[in-house]
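Contents: one structure, followed by commentary.
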Amino acid sequence: MTEKAIRINPFFQEYGTPHDTVPFDRIQISDFEEAFMEGIRRDNEQIEKTINNPKKPTFDNTIINAEEDTEGYYDLLERVSTVFFNLMSAETNDEIDALAQKMQPLLTQHANDIRLNKKLFERVQYVHRHHRKLTAEEKMLLDNCYDGFVRSGALLNEEEKAKLRALTEEASMLSLQFSQNLLKENKAFILHITDEKKLDGLPETAIEAAALAAQEREMDGWVFTLDMPSYSPFMTYSTQRDLREKMYMERNTVCTHDNSENNMEICKRLVNLRREIAQLLGYKTYADYVLKHRMASKVRNVYKLFDDLIDAYKPTALKEYEELEAMARKKEGKDFQMEPWDNGFYSHKLQLKKYNIDAEMLRPYFELSKVIEGVFGLANRLYGITLKENKDIPTYHPDVKAYEVFDRDGSYLAVFYADFHPRKGKQGGAWMTEYQGQYISRKGENVRPHVSVVMNLTKPTSEKPALLTLGEVETFLHEFGHSLHGMFANTRFESLSGTNVWWDFVELPSQFMENFAVEKEFLRTFAFHYKTGEPLPDALIRRIVKSRNFNAALACLRQVSLGLLDMAYYTKKDEFSEDIIPFEKKAWKKASIKKRKKKPVTCMTVQFSHIMAGGYAAGYYSYKWAEVLEADAFRVFKKNGIFNQQTAQRFRDCILSKGGTEHPMILYKNFRGQEPTIDALLKRNGIKRETKKS
């Protein structure tokens, strides 16, 4: 008997790995489809058992049944889906992309079959009206379950349900196509330089990375890509304005070209599909539908936040841009016209002039292995946890490191994967995800989570280890903040654990962690020169702190403009048929400060993954909303000491471990003792002056 004949699909058996982690080394692409289909079959089998149960529907035999029978036999679809779609983002290829196109409609149809199952909903509805006394967490689970059915069309008639099925299935496929197009377009472009003179102004680290990129492609010279570790230094340092323009235009016109990766019509259709879905469910707009389960709650509250931020930041942003423009004209001549591809270049020049600091000065002190030690050390100092690499835990790529996480008392807490560098089959940006969520089993076992962060940080070269910018250190801290939210999860039900919270609350733990990046006490723990071992000089730290708010108002308005664009699409009550490019310029005009007569034709919408394929549709404002929360929360740490363990434990107990078991404002007030105000953010950004009392 051949080895092939006796091989068992890894998804169909116990993994037999440390902490039951995913056996990436044993999974073949052919395993996915088989596991998807068997998972659907098992789901259907369980649903039939539930709806045919002759006993009266109860919380325990209907709601908990649906939640907790994901253990063992019935969790197959969740297991395979989690692995497959995480790989689609972090390590995809043509075969995986093709399988996604095949499976996505089947999976959406299956999800609709569950949510639109009349008999199943009748049981849920009965329990929602007649149930035993419930704990707060049980009540939240029941409400979420019932509302999930309603928001998925359970109260519609059969004709409306059929229409909803068609709309959701089409939207699902288009979201997938959007992401695949964006990845292909971003990876297709390279800037190939063979003339060394064209490298003028670029730092050594960028040149070495470009040489490595060329070698990997078996090309001479230097290759620059649209991946941020390549793109950002080029736009910041290159003196070749024509090449900066080329790079800028390539990045900002992806998915607009006359080819199969054009996302224009996909975006229009997605906006209309979501509007139609919301209106079919009884809402005026898609934003109204989304905000019902958000802290903001109403469209007017989102716009109030934007208006408050614009009023507070725009005067400063105008001054910041005028100062930038004045410097450029002083250097280039009074008739010089600033263009978008000049912003990074002259911002760097201005920052250097004002504060004598730039990203390259700091890189030697932010060697990746030391940054890892620093971030892990911060978690240890705050919460008492330790992370130890375990090479016996399988990973999906050699770049990925797997760690066991242990709590203060030495008990096992979680598995943590870290995937640091860009590569061909990996989406841009940075994100946190899970391969297993936390929950308490029926046997009483606290099943611990397996969390992962995926980033696109500067790669090592043959000459140097991976040396990060301060911005990349902040990115690591941000995603690690999400991970702590997942790792500290301590709830009964998986659907309420970790980051399963309202989306304008989920960014609180992540953005909160970014605050430490400019704290001297934290920098002193890991920022040592990779060659000499010398600590980051006090003078540089002072300049980091002093320059923290450099162009902060411009950065704020940039985020607000993207939020305005998001809301412009998803507050539409009628069919969207406008041309996207002029529409988006009009949408964010209120937050714009630049008055160019002729603007380059670029497009954000077609690459705006957050609102088209990433779950942030009508929710991009969440970043600014959560920033108000985290700035307010960090003031407590600043007051009590940034490493104060009592404060950190309260943050863990009140917020990080609670998941979505209560309304997020209740959780926040349990920690803070009051609701947040925008004051802390304004003071941190230097928009509002600190007072002695504060």
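Every condition in (1) assigned to a loop (DSSP other than H, G, I, E, B); (2) open to solvent by 20 Å² or more (accessible area, probe 1.4 Å) holds for Glu434 except the one numbered (1).
The residues of segment 26-55 that are open to solvent by 60 Å² or more (accessible area, probe 1.4 Å), over 23 Å from Asp113 (Cβ atoms) and in contact with a Phe, Trp or Tyr (Cβ under 9 Å, 6 or more places away or on another chain) amount to a single one, Arg26. Which residue pairs have Cβ atoms closer than 8 Å, lie 6 or more positions apart in sequence or on different chains, and pair a first residue in segment 659-677 that is among the basic types (Lys, Arg) with a second residue that is open to solvent by less than 70 Å² (accessible area, probe 1.4 Å)? What qualifies is Arg672/Asp632; Arg672/Ala633; Arg672/Val636. Go through the residues of segment 355-362 one by one and say whether even a single one is surrounded by 15 or more Cβ atoms within 10 Å (Cβ to Cβ) and either in contact with a strand residue (DSSP E or B) (Cβ under 6 Å, 6 or more places away or on another chain) or more than 30 Å from Phe522 (Cβ to Cβ) (or both). Within segment 355-362, none of the residues are surrounded by 15 or more Cβ atoms within 10 Å (Cβ to Cβ) and either in contact with a strand residue (DSSP E or B) (Cβ under 6 Å, 6 or more places away or on another chain) or more than 30 Å from Phe522 (Cβ to Cβ) (or both).
Can you tell me which residue within segment 278-296, out of those that are within 23 Å of Phe505 (Cα to Cα) and among the basic types (Lys, Arg), is surrounded by the fewest Cβ atoms within 10 Å (Cβ to Cβ)? The selected residue is Lys292.
The selection criterion, being at pLDDT 95 or above and over 30 Å from Gln180 (Cβ atoms), holds for Gly659. Screening Glu158 on (1) more than 26 Å from Lys55 (Cα to Cα); (2) in contact (Cβ under 8 Å) with a residue 40 or more places away in the chain shows it passes everything except condition (2).
Looking across segment 209-246, the residues that are farther than 25 Å from Leu324 by Cβ, open to solvent by less than 30 Å² (accessible area, probe 1.4 Å) and either modelled with pLDDT under 95 or in a helix (DSSP H, G or I) (or both) come down to Ala210, Ala211, Ala213, Ala214. Of everything in segment 181-199 that is surrounded by fewer than 17 Cβ atoms within 10 Å (Cβ to Cβ), under 28 Å from the mean Cα position of the chain (by Cα) and of a type outside the set (Phe, Trp, Tyr), the residue that is nearest to Met249 (Cα to Cα) is Ala188. Whenever a residue of segment 123-150 is within 16 Å of Lys658 (Cβ to Cβ), its partners that are of a type in the set (D, E, K, R) and assigned to a helix (DSSP H, G or I), lying with C-beta atoms within less than 8 angstrom and at least six residues away or across chains, give the pairs Leu141/Glu67. For segment 249-263, filtering for residues that are assigned to a helix (DSSP H, G or I) and over 23 Å from the mean Cα position of the chain (by Cα) leaves 2.
For Glu71, state whether it is acidic (Asp, Glu), at pLDDT below 95 and open to solvent by 20 Å² or more (accessible area, probe 1.4 Å).
Numbers: acidic (Asp, Glu): yes; at pLDDT below 95: yes; open to solvent by 20 Å² or more (accessible area, probe 1.4 Å): yes.
Spelling it out, Glu71 is indeed acidic (Asp, Glu), at pLDDT below 95 and open to solvent by 20 Å² or more (accessible area, probe 1.4 Å).
Every test in (1) surrounded by 16 or more Cβ atoms within 10 Å (Cβ to Cβ); (2) not in a strand (DSSP E or B) is passed by Lys424 save one, and that test is (1).
Each residue in segment 632-650 was checked for being in contact (Cβ under 8 Å) with a residue 60 or more places away in the chain and within 22 Å of the chain's Cα centre (by Cα), and 2 of them qualify.
Does Glu474 satisfy the criteria of being closer than 20 Å to Gly374 by Cα, at pLDDT 95 or above, of a type in the set (Asp, Glu) and open to solvent by 50 Å² or more (accessible area, probe 1.4 Å)? Yes, satisfied. Of the residues making up segment 376-419, those that are open to solvent by 50 Å² or more (accessible area, probe 1.4 Å), in a strand (DSSP E or B) and either over 23 Å from Ala527 (Cβ atoms) or not polar (S, T, N, Q) (or both) are Lys388, Glu389, Lys401, Tyr412. Summed over segment 113-166, residues that are surrounded by fewer than 19 Cβ atoms within 10 Å (Cβ to Cβ) and aliphatic (A, V, I, L, M) total 8.
Of all the listed residues (Arg300, Arg275), the sole one being out of contact with any strand residue (DSSP E or B) (no Cβ under 9 Å at 6 or more places or on another chain), under 18 Å from Gly615 (Cβ atoms) and not β-branched (Val, Ile, Thr) is Arg275.
Looking only at segment 444-456, decide whether some residue is among the β-branched types (Val, Ile, Thr), in a loop (DSSP other than H, G, I, E, B) and under 22 Å from Glu78 (Cα atoms). Walk me through how you get there before you give the answer.
Here is the first cut: in segment 444-456, the residues among the β-branched types (Val, Ile, Thr) are 447, 451, 453-454.
With the extra rule that they be in a loop (DSSP other than H, G, I, E, B), the set shrinks to none.
No, segment 444-456 contains no residue that is among the β-branched types (Val, Ile, Thr), in a loop (DSSP other than H, G, I, E, B) and under 22 Å from Glu78 (Cα atoms).
A quick yes/no check of all residues on (1) of a type in the set (Val, Ile, Thr); (2) modelled with pLDDT of 95 or more:
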residue: Lys590; (1), (2): no, yes
residue: Lys594; (1), (2): no, no
residue: Lys597; (1), (2): no, no
residue: Thr605; (1), (2): yes, yes
residue: Ala618; (1), (2): no, yes
residue: Lys624; (1), (2): no, yes
residue: Phe634; (1), (2): no, yes
residue: Asn640; (1), (2): no, yes
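Screening Asn272, Asn301 for residues that are free of Cβ contacts under 8 Å to residues at least 24 places away in the same chain, outside any loop (DSSP other than H, G, I, E, B) and closer than 30 Å to Asn500 by Cβ leaves exactly one candidate, Asn301.
Residues in segment 344-358 that are in a helix (DSSP H, G or I) and either of a type in the set (A, V, I, L, M) or in contact (Cβ under 8 Å) with a residue 40 or more places away in the chain (or both): Gly344, Phe345, Ser347, His348, Leu350, Gln351, Leu352, Lys354, Tyr355.
If the condition is being hydrophobic (A, V, I, L, M, F, W, C), in contact with a helix residue (DSSP H, G or I) (Cβ under 7 Å, 6 or more places away or on another chain) and either under 15 Å from Cys603 (Cα atoms) or surrounded by 21 or more Cβ atoms within 10 Å (Cβ to Cβ) (or both), then segment 247-273 contributes Met247, Val254, Cys255, Met264, Ile266, Cys267, Leu270, Val271.
Within segment 532-558, residues that are under 24 Å from Gly344 (Cβ atoms) and among the acidic types (Asp, Glu) have Cβ atoms under 8 Å from residues that are open to solvent by less than 40 Å² (accessible area, probe 1.4 Å) and part of a helix (DSSP H, G or I) in no pair, counting only partners at least 6 apart in sequence or on another chain.
Residues being open to solvent by 50 Å² or more (accessible area, probe 1.4 Å) and farther than 20 Å from Leu273 by Cα are represented in segment 572-582 by at least one member.
Given the criterion open to solvent by less than 10 Å² (accessible area, probe 1.4 Å), in contact (Cβ under 8 Å) with a residue 24 or more places away in the chain, closer than 21 Å to Asn252 by Cβ and within 23 Å of the chain's Cα centre (by Cα), identify the matching residue among Asp504, Asp566. If you could, list the steps in order and put the result at the bottom.
Details: Asp504 fails: closer than 21 Å to Asn252 by Cβ.
Matching residue, one of Asp504, Asp566: Asp566.
The values are calculated or read from the model by the stated rules, or taken from the named source; none is laboratory data. Keep in mind that this is a model prediction, so the values were computed, not measured. Counting neighbours? That spans all protein chains shown, and the Cβs are built from the backbone with ideal geometry, glycine included. Side chains are part of the model used for accessible areas, which takes the heavy atoms of the whole protein and leaves out ligands, DNA and RNA. Shrake-Rupley method; radii C 1.70, N 1.55, O 1.52, S 1.80 Å.
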